[in-house]
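Enquirer: Just passing along the structure, written as structure tokens.
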Amino acid sequence: MGGEVWAEEDVVAFAGAFAGADEALPVGFLGVQGFQQEDFDFGTLGVIAAAVEAGGKDFGVVEDEAIAGAEEAGEVLEVIVGEGLRGFGDDQHAGGGAVGQGFLGDEVFGKLIMEVGNLQTLILGIESSCDETAAAVVADGRVVLSSVVASQLDVHARYGGVVPELASREHLRAITPVVREALRKANAGLEDLAAIAVTSGPGLVGSLLVGVTYAKALCFARKLPLIAVNHVEGHIHSVLMQGEEIAFPAVALVVSGGHTHLFEVVEAGVYRLLGKTRDDAAGEAFDKVGKLLGFPYPGGPVIDRMAGYGDARAVKFTFSKMSGNALDFSFSGIKTAVLRWTETHDVKAEIAARRGMVNPGFEELLEKTPQATRDLAASFQFTVIEELLRRAVIAAERVGAETVVVAGGVACNSGLRAAAARRNGLRFLFPSLSLSTDNAAMIAAAAFVKFGRGEFAGMDLRVKAGLALAV
Ligand code: KG4
Ligand code: ZN
């Protein structure tokens with residue numbers, strides 16, 4: 001393998017530039033010459049491998065691909081020492097970070113440089129799209145150094161749902177302490193960050209604005225790159241922090257209080273919408289049925305636990321048949337069926353009794369829930385799970401996927417997890433419970449991919465309530 005002999009410091013310093021270290025570029029940093037854009041991957045893989053080889057030192061984690069890439073690249077391993085790469089920087093962000101951003105436009109290059117230098121890319125994620133103010137620091141899109149979530153559940157619970165005006169106000173109150181806490185827990189300062197990522201939609205406009213404005217201001221003040229993340233894309237990335245690799249194409253089922261979407265994940269960052277709900281989101285159906293039965297908000301977790309005490313086959317609900325796209329969902333029918341059930345059964349008194357309880361614990365609720373209602377909860381949950389999994393399985397067959405990512409608040413559902421585990425032939429990936437519901441670690445994880453691609457947002461970033469991930 002050819003190439004110059006480089007000192008470890010050169011590589012590390014170079015990596016420092018990539019990591020966004022805001023300092024002057026070292027003299028004699030490594031550059032690559034003679035590669036066309038299309039050769040860039042091979043070329044850069046080769047350079048890294050050669051650096052390791054020639055340096056004869058252990059540079060930390062270097063992937064096998066790098067070595068293989070170098071071998072394939074063979075004779076194109078022409079390396080110079082100089083400033084030939086300065087041109088890649090942009091002038092929006094001064095210093096090493098700017099050059100780093102330019103280089104990181106090449107995903108493989110950026111990633112490997114980081115690994116050779118054994119440096120981590122720390123991204124601060126900020127999420128405020130609905131009723132949770134969250135901040136997290138994630139290293140390399142996979143390692144959660146901190147994840148802080150301030151829930152507004154108490155504020156909204158008495159209204160039985162999220163009140164937008166109250167949500168914005170609570171976000172304003174929480175954002176500074178939440179971000180500070182996330183940095184403190186990660187033992188990081190703003191100077192350690194490579195970028196700040198923020199949810200720009202979909203969600204409540206007033207809530208989104210708090211996070212986006214805060215992130216912009218921090219980026220502006222600290223000359224950090226800003227990355228805009230779609231909340232739904234964030235949910236999909238929540239499984240990466242389990243250390244799982246996603247094989248493409250994959251199917252992603254995002255099920256939360258606001259979304260029920262089936263996507264084909266064609267490759268990293270490329271999505272195709274396969275189906276979505278035509279009325280309520282799955283979590284919304286759980287919450288509405290919970291409300292109907294006199295359970296506290298949000299209904300999802302209560303119904304989940306209640307279902308464990310009921311017979312899922314006791315009440316027969318009909319599955320929804322979709323005209324047009326068979327992969328679309330509808331939950332309004334089952335919601336109405338539950339309403340009819342409450343009207344035709346003698347449950348008024350028990351519902352009123354549950355509604356009258358102040359902050360009840362689950363055991364107290366269980367005690368006030370007769371068997372017939374427990375059975376109803378179990379049957380409702382069973383039907384919703386079937387609706388979700390059937391379509392996910394059909395979608396996977398249709399696109400030839402072996403992996404199904406299930407994310408969003410409803411991914412917490414124990415019945416859903418158990419039923420998915422029983423489906424043979426498909427690999428279902430779920431996030432940890434704490435990363436299933438809204439959080440900022442998933443935003444930082446999704447941003448890491450964009451960071452690698454150099455997809456940065458400008459200071460003119462706008463929030464978008466109905467931001468779509470794919471059509
Ligand atoms: O992802 P998330 O925190 O917020 C949205 O983006 O909507 O999801 C919240 C939703 C709520 O509707 C809640 O009832 C539901 O997730 N959920 C559950 C469970 N845990 C949370 N639904 C069913 N079973 C659960 N264990
Ligand atoms: Zn969500």
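What follows draws every value from the coordinates through simple rules; no lab data is involved. What you are looking at is a predicted structure, and each value in this text was computed from that prediction instead of being measured. Cβ placement follows ideal geometry from the backbone for every residue including glycine, while neighbour counts extend to all protein chains displayed.
Enquirer: Identify all lysines with a Cα-Cα distance to K348 below 19 Å; exclude those on the same chain that are fewer than 8 residues away in sequence.
Expert: K288, K291, K335, K368
Enquirer: Run the dipole for segment 132-268 about the Cα centre, Lys and Arg Cβ at +1, Asp and Glu Cβ at -1, nothing else charged, and hand back the magnitude in debye, nearest 20.
Expert: Computed about the Cα centre, the dipole is about 600 debye.
Enquirer: Follow-up. Nearest 5 percent is fine: what portion of the DSSP beta bridges confined to segment 247-430 is antiparallel?
Expert: 55
Enquirer: Need one number: convex hull volume per residue for segment 209-255, Cα atoms only, in Å³.
Expert: 113
Enquirer: Taking a ≥ b ≥ c as the square roots of the eigenvalues of the Cα gyration tensor of segment 247-430, is the shape rounded (a/c under 1.5), prolate (a/b larger than b/c) or oblate?
Expert: prolate
Enquirer: Which of the peptides 131-141, 431-441 is most tightly packed, and how do the rest follow, going by the mean number of other Cβ atoms within 10 Å of each residue?
Expert: Sorting 131-141, 431-441 by mean packing, highest first, produces 131-141, 431-441.
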